[in-house]
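In what follows, a structure is listed as structure tokens, so that the remarks can point back to it.
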Amino acid sequence: MLSHKQVWAAIDALAKRHGFSPSGLARRAGLDPTTFNPSKRFAADGRPRWPSTESLSKILEVTGEGITDLMNGMRSAQRETAEPVGKVRLVPISGLKMAASPGAFDGGGLPNGKQWQQISFPDPSCKNLFALEVSGPDFLPLYRDGDIVVAAPGTAIRRGDRVLVKKTNGDLTILTLNRHTADRTDFSSLHDKDVELSFTHSEIEWTARIVWASQ
């Protein structure tokens, strides 16, 4: 039986084979660019969402692949993503400053490009984790040069959480969430919690909650 994880892994692999991010493949197929984003793969209550047969048909048509190719990709995903109990997971890692460069993430906030390496990390309950290495004094006193932070895109973020914030102008930084409003999100600086930064929703490309740090 094919699992939810296998189906989405096969779509990701299909996109990669043809030089697309998941959002790029959706756009090329005439779909909403967010159709295959990680945030769309689960409902707000945690129930898995599956791609529609129409969306599968369109990406097969635009890539020139057949249903057999996609099925083979799902079987490969089953073998490649199988993780023995008690083992560690390989998590993509990059320098935080390098990750701010164009193309380091796809439209859904997942690692993309050649600058990513991998590190071992205990098997977490969250999926799609990635790690960034801090360099320099920008995030003192909380994070020092050489500290590694692990982030989980697409997870719920609450007041007081430390988050990676990717702005539409390309900036990538670490802040503390203060509040969401109808048209803005407010954060505070790690340097000084009394310094508040406020961005409209259109200024923020994505956020990812920091779930672990090597402090």
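When only Cα pairs under 8 Å and 6 or more residues apart are kept, what is the percent relative contact order across the chain?
For the chain, the relative contact order is 15 percent.
Could you rank T181, T173 by how accessible they are, 1.4 Å probe, largest area first?
T181, T173
Once ligands and nucleic acids are excluded and a 1.4 Å probe is used, how much of R89 is accessible, expressed in Å² to the nearest 10?
Approximately 30 Å² of R89 is accessible to the 1.4 Å probe.
Top to bottom by accessible area (1.4 Å), largest first, where do D145, D12 land?
D145, D12
Which entries in K16/K167; K5/K40; K5/K97 show an alpha-carbon gap greater than 19 Å?
K16/K167; K5/K97
Roughly speaking, what is the stretch gain from T181 to I157, that is 0.36 nm per residue apart minus the C-alpha to C-alpha distance, in nm to one decimal?
Contour length minus Cα-Cα distance gives 7.3 nm.
How much mean residue ellipticity at 222 nm does the chain get from its helices, if each DSSP H run of length 4 or more adds -39500 (n - 2.57) and you divide by all residues, to the nearest 500 deg cm²/dmol?
Roughly -7000 deg cm²/dmol at 222 nm, from the helical runs in the chain.
By DSSP, what percent of the beta bridges with both residues in the chain are antiparallel, rounded to the nearest 5?
If I count the DSSP bridges inside the chain, around 90 percent turn out antiparallel.
Give the angle, between 0 and 90 degrees and rounded to the nearest 10, that separates the Cα long axis of helix 67-81 from the longest principal axis of the Cα atoms of the chain.
Here the helix axis deviates by roughly 50 degrees.
Net charge near L190, counting Lys/Arg +1 and Asp/Glu -1 over other residues with Cβ under 9 Å of its Cβ?
0
Could you list which residues have their amide H under 5 Å from that of T155, counting only those 5 or more apart in sequence or on another chain, with H placed in the peptide plane?
It is R209, by chain and number.
Applying the Karplus parametrisation 6.51 cos²θ - 1.76 cosθ + 1.60 with θ = phi - 60° to the phi angles of region 147-158, what ³J(HN,Hα) value in whole Hz is obtained for each residue in order, glycine and proline being reported as x?
5, 10, 10, 10, 10, 10, x, x, 9, 5, 10, 10
Among rounded, prolate and oblate, which fits region 160-207 when a ≥ b ≥ c are the square roots of the eigenvalues of its C-alpha gyration tensor, a/c under 1.5 means rounded, and a/b larger than b/c means prolate?
Verdict is oblate for region 160-207.
How large is the accessible surface per residue of the chain, computed with a 1.4 Å probe and reported in Å² as a whole number?
55 Å²
Given a 1.4 Å probe and the protein chains all in place, what does the accessible area of L197 round to, in Å² to the nearest 10?
L197 has an accessible surface of roughly 60 Å² with all protein chains in place.
D for the chain, whole µm²/s, Stokes-Einstein with Kirkwood Rh over alpha-carbon pairs at 37 °C and 0.692 mPa s: what number?
Rounded, D is 177 µm²/s.
The values are calculated or read from the model by the stated rules, or taken from the named source; none is laboratory data. From a predicted model like this one, the values you see are computed outputs, not experimental measurements. Using ideal geometry, Cβ is built from the backbone for each residue, glycine included, and neighbour counts are taken over all protein chains shown. Surface accessibility is based on the protein's heavy atoms, side chains included, excluding ligands, DNA and RNA. Shrake-Rupley method; radii C 1.70, N 1.55, O 1.52, S 1.80 Å.
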